[in-house]
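The values are calculated or read from the model by the stated rules, or taken from the named source; none is laboratory data. All of these numbers come straight from a predicted model, not from anything done at the bench. Neighbour counts are summed over all protein chains in view; Cβ atoms, including those assigned to glycine, are modelled from backbone coordinates with ideal geometry.
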Amino acid sequence: MPKNATQRKNLREELLSKKENSMDTKPFDDRDGVIWFNGKMVPWRDARIHVLTHALHYASCVFEGERSYGGTIFKLTEHSQRLAASAAALGFKLPYSVAEIDKACTETCKANGIVDGYVRPVAWRGSEMMGVSAQATRINVAIAAWPWPSYFSPEARMKGIRLVTSKWRRPAPDTAPVKAKAAGLYMICTLSKHAAEDKGYHDSLMLDWRGRIAEATGANIFLSFGDGKLHTPTPDCFLDGITRRTVIGLAKLRQIEVVERAIMPDELKKATEIFLTGTAAEVTPVGAIDGMTFKVGDLTRLMMEDYDKAVGKDAHKQAPSKQAAQR
């Protein structure tokens, strides 16, 4: 682990270099392709909004993150249902049904030639009103899709990523719509991840307002204490992730007991394996938190393998994808 300023700087530069090499660094506003925008496919570079858009100033925005594997978006309808539920939590209704959002996501991938990639539906209040109250604003919906490699570099993922505990905490459920995938709730995630990367870590561990373990900045967390069980925090103030629920289901199919409970930070030193789950992260092992180290053990590897099979990776990885053939 980094012990001084020079080591932290060198590790930070190494992390950022690997991150740039493993992710597409081309600006997201200057790409070829199309974006589904309020019911129509528009050229990628023309999908723009006004600077006085309400969502930009007051965070009246919800979104989803989805993955396409072999041309099929995993758990698509569950994601679309959550988008609608998140909008309702923020006091507005999507102008499209769940079925219409599903269809638009699939069409956007096809229009952009995405076989293995990331899909981002987003809904927000427009620029018709400026102020805290904006009841008469138009509700806009857009969907973009692009190729997506590993969220963490392959090397880091197999070794186990390094986390550091954030100073920011997930808020209490009576202070924010914590069950919504709302843009405003990710402000402290960005702050936390930037702070972690500046110190030479991959991500942050976030506690909740009570001091309990909650999640990482964009992924849920699971722990094993060598008892053959998986332990995971009760999602009472953060998203009960779709990937989280998938992994719980996969574990139960293998007769692995999953214990949802309050987990305190001082329990970390007793953990033998830890991994994160999320649409972007998939199942990613954790190798260290605040200097404590953990192995990438059998239980973690098993969940990684089962998840890869569940999303269809094994079904199409033998044949080269269209994207690989086009490179």
>> Exactly one of these conditions fails for T137: (1) outside the structural domain of T234 (by TED's automatic domain parsing); (2) within 24 Å of R45 (Cβ to Cβ). Give me its number.
In response: (2)
>> Of all residues being surrounded by fewer than 22 Cβ atoms within 10 Å (Cβ to Cβ) and among the small types (G, A, S) in region 258-280, which is farthest from the chain's Cα centre (by Cα)? Just the residue, please.
In response: A271
> Just to be sure, is A251 touching a Leu at 6+ places or on another chain (Cβ under 8 Å), surrounded by 17 or more Cβ atoms within 10 Å (Cβ to Cβ), among the small types (G, A, S) and under 26 Å from R82 (Cβ atoms)?
Replying inline: yes
> Is there any pair linking a residue in region 211-231 that is without any contact (Cβ under 8 Å) to a residue 24 or more places away in the chain to one that is part of a loop (DSSP other than H, G, I, E, B), with Cβ under 7 Å and at least six apart or on different chains, and which?
Replying inline: none
>> Between a residue in region 175-200 that is in a loop (DSSP other than H, G, I, E, B) and any residue that is at pLDDT below 95 and crowded, with 19+ Cβ neighbours inside 10 Å, which pairs come within a Cβ distance under 7 Å, given they are 6 or more apart or on different chains?
In response: G200/L15
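For region 240-249, does any single residue satisfy the condition of being at pLDDT 95 or above, under 19 Å from T293 (Cβ atoms) and touching a helix residue (DSSP H, G or I) at 6+ places or on another chain (Cβ under 6 Å)?
The answer is no; no qualifying residue exists.
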>> Can you pull out every residue in region 263-299 that is among the polar types (S, T, N, Q) and part of a strand (DSSP E or B)?
In response: T277, T284, T293
>> Being of a type outside the set (S, T, N, Q), touching a Lys or Arg at 6+ places or on another chain (Cβ under 9 Å) and more than 21 Å from T243 (Cβ to Cβ) narrows it down to one residue among R48, R31; which is it?
In response: R31
